[in-house]
Amino acid sequence: MDVTVRQKFFLITVLLVAVAVVAWLYLEPLQNKAHAPRTATDPQAIPVEVARIQRGALEQRRTFSGALEAPAQVVVAPKVSGRVERLAVNLADTVSRGQVVAELDNDEYVQVVAQTRAELAVSRANLTEARSALEISSRELERITRLRERGVASESNLDSARANRLARQAQLEVARAGVTRAEATLETARIRLSYTRIRADWSNGGGSRVVAERYVDEGQTVAANTPLLRIVKLDPISAIIFVTEQDYARLQPNQAVSLNTDAYPGETFAGRIERIAPVFREATRQARVEITVANPDRRLKPGMFIRATVVLDRVADAVIVPEQALTTRSDRTGVFVVSDDGRSVSWREVRVGLREGNRVQLLGEPLSGQVVTLGQQLVEDGTAITIPGEPGSPAARQEADRP
């Protein structure tokens, strides 16, 4: 190799070394910067929103939709046919137990009472006549008996007197039965006459109720058992809801319930569970639950839609975070807890307990401090963060630098 070739080779080697040194000097700071941990003052720190982990009481509430029903109702109907002569009450009127609410034309029934009363008088007269005849036949028998003892009357005369007395005695019994029958007929006629005055009556307690529906008008002719009025009980009133198997086991009689209805927005009515059906409906797989609600001023009406809220469970000292703090990573649920210096986050797997609105209970390891509620999708375990608005954060410094 001559001198010229050696010089060229040497120059090329020096040039390659120089390029390698320059490349190393340029790339090394970039590589160190890429692998260096981010800090809160790093412009690339992830901005997030946080909320403080709380401890306190938490209730699990469930709200069910339902409707109000009258706990008791009675349909007033006449026991006899006739023309409606008068309706004493109308729609929404208050009715007391035993009150006359309607009257039918009773002329025919008054006449029947008068006729049966006359028949009773005839029967009583027949009874008096039968008693007199029996008394006469008894005296005749005594007279014939004395004559027979003296030998004046024959045996046939005595037998005839005895037979006559027995016949008169039988007639007396028939007359007595006739009187009893006439008295019963008269009583039946009086009862049927009383049926023309139709009363509102119910068996389970007294108090007053309200006319919910009127089916006829005055002047109509109705048959027996034709509905005239529907009278309902409004205080207390019943709220009916249907629950699934998931909530069924957590309900029990006398459990407190709060109710709301669109008729009175912002107002809550207190109730309690009265009955829980022991079976589920096959079509819906739900069970009927009846709730008793005090309604002294009768503002709640049957047919209104309601929302019934029941406290299913309660924890006195729970670890509570906003629901939006929950994050899923690899099918696991957890939260990002902010470090004490507020510059990074750490992933903590949790189990969820009770839920109340947008607040949830965390089970497992007790946590404290703050959790990320917005921006979780941008961070991982150990990621540097910045909290806008926090003292010392870039956003806060920029806000302070503004004129």
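Quick look at the numbers
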| item | result |
| --- | --- |
| Residue satisfying all of: in segment 131-187; closer than 30 Å to Gln111 by Cβ and hydroxyl-bearing (Ser, Thr, Tyr); surrounded by the fewest Cβ atoms within 10 Å (Cβ to Cβ) among these | Thr180 |
| Residue that is surrounded by the fewest Cβ atoms within 10 Å (Cβ to Cβ) [pool: residues in segment 312-327 that are modelled with pLDDT of 90 or more and of a type outside the set (Gly, Ala, Ser)] | Glu323 |
| Condition met for Gly56 (part of a strand (DSSP E or B), of a type in the set (Gly, Ala, Ser) and surrounded by fewer than 15 Cβ atoms within 10 Å (Cβ to Cβ)) | yes |
| Pairs with Cβ under 9 Å, 6+ apart, first in segment 316-331 and touching a residue at least 40 places away in the same chain (Cβ under 8 Å), second of a type in the set (Val, Ile, Thr) and surrounded by fewer than 15 Cβ atoms within 10 Å (Cβ to Cβ) | Thr327/Thr333 |
| Entirely in segment 345-403, the strands (runs of 3 or more DSSP E) that have 1 or more residues that are surrounded by fewer than 12 Cβ atoms within 10 Å (Cβ to Cβ), modelled with pLDDT of 90 or more and among the aliphatic types (A, V, I, L, M) | none |
| Unmet requirement for Asn358, which otherwise passes all of (1) within 39 Å of the chain's Cα centre (by Cα); (2) polar (S, T, N, Q); (3) within 15 Å of Arg55 (Cβ to Cβ) | (3) |
| Of the criteria (1) more than 33 Å from the chain's Cα centre (by Cα); (2) closer than 27 Å to Gln44 by Cα, which one Pro322 fails | (1) |
| Failed condition for Ile276, given (1) surrounded by 17 or more Cβ atoms within 10 Å (Cβ to Cβ); (2) over 30 Å from Glu103 (Cβ atoms); (3) of a type outside the set (Phe, Trp, Tyr) | (1) |
| Close pairs from segment 238-249: first modelled with pLDDT of 95 or more, partner surrounded by 15 or more Cβ atoms within 10 Å (Cβ to Cβ) and outside any strand (DSSP E or B), Cβ under 6 Å, at least 6 apart | Ser238/Pro71 |
| Exclusive hit being buried (at least 19 other Cβ atoms within 10 Å of the Cβ) and either out of contact with any Cys (no Cβ under 7 Å at 6 or more places or on another chain) or touching a residue at least 24 places away in the same chain (Cβ under 8 Å) (or both), set Val112, Val122, Val95 | Val95 |
| Every pair of residues 6+ apart whose Cβ atoms lie under 7 Å, when the first sits in segment 269-287 and is charged (D, E, K, R) while the second is in a strand (DSSP E or B) | Arg272/Ala256; Arg272/Val257; Arg272/Ile291; Arg272/Thr292; Glu274/Glu290; Glu274/Ile291; Glu274/Thr292; Arg275/Glu290 |
| Options Pro71, Pro78: the member that is more than 17 Å from Arg192 (Cβ to Cβ), of a type outside the set (Val, Ile, Thr), assigned to a loop (DSSP other than H, G, I, E, B) and in contact (Cβ under 8 Å) with a residue 60 or more places away in the chain | Pro71 |
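Residue-by-condition table, conditions (1) among the hydrophobic types (A, V, I, L, M, F, W, C); (2) touching a helix residue (DSSP H, G or I) at 6+ places or on another chain (Cβ under 9 Å); (3) assigned by TED's automatic domain parsing to the domain that holds Leu251; (4) on the phi > 0 side of the Ramachandran plot:
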{"residue": "Ala294", "(1), (2), (3), (4)": "yes, no, yes, no"}
{"residue": "Val311", "(1), (2), (3), (4)": "yes, no, yes, no"}
{"residue": "Val337", "(1), (2), (3), (4)": "yes, no, no, no"}
{"residue": "Arg343", "(1), (2), (3), (4)": "no, no, no, no"}
{"residue": "Arg351", "(1), (2), (3), (4)": "no, no, no, no"}
{"residue": "Arg355", "(1), (2), (3), (4)": "no, yes, no, no"}
{"residue": "Asn358", "(1), (2), (3), (4)": "no, yes, no, no"}
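The values are calculated or read from the model by the stated rules, or taken from the named source; none is laboratory data. Since the model is a prediction, treat every value here as computed from it, not as a measurement. We place every Cβ from the backbone using ideal geometry, glycine too, and count neighbours over all the protein chains shown.
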